[in-house]
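Participant: What follows is a single structure, and I will ask about it in a moment.
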Amino acid sequence: MATKLDQVLRDIETLPPQDQRAVQEALDRMLRPTTAADEAELVRKAANRGIHITVPDDEMTDEEFDAFKPVAVKGEPLSEVIIRERR
């Protein structure tokens with residue numbers, strides 16, 4: 001059975017060269033490393049829409065991740081509230 005990736009690759013092979021290059025350029029944009037300028041642009045666009053976000057300066061280490069303890073809150077779990085309200 002063909003995977004979704006196999007189907008996508010077959011579909012790309014049927015495209016004319018110009019469209020194949022457009023697919024390659026789109027993939028290159030999606031896969032390029034994020035730069036500080038990209039992050040600054042994201043923060044700026046969010047701020048223009050009234051959304052405050054912060055981008056961490058560094059990644060969490062494995063030890064920090066393992067030591068993470070969620071904050072205990074009273075009441076119904078937020079995930080259940082969201083599910084209920086979406087219905």
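Read the figures in this text as sums done on the coordinates, not as results from a lab. Here the structure is a predicted model, which means the values were calculated and not measured. All Cβ positions, even for glycine, are placed from backbone atoms using ideal geometry, and neighbour counts span all protein chains on display.
Participant: What angle do you read, to the nearest 10 degrees and between 0 and 90, between the alpha-carbon axis of helix 4-13 and the longest principal axis of the chain?
Facilitator: 40 degrees
Participant: Which percent of Cα-Cα pairs in segment 4-86 sits in each 5 Å bin, short to long?
Facilitator: P(r) over segment 4-86, rounded to whole percents: 3, 9, 9, 10, 11, 14, 16, 14, 8, 4, 2, 0.
Participant: If you don't mind, another one. Where the only charges are on Cβ atoms (+1 Lys, Arg; -1 Asp, Glu), what is the dipole of the chain about its Cα centre, to the nearest 20 debye?
Facilitator: It works out to roughly 660 debye.
Participant: Same structure, new question: Report, in whole Å, the centroid distance computed from the Cα atoms of segment 7-27 and segment 38-73.
Facilitator: If we compute the Cα centre of each part, the gap is 34 Å.
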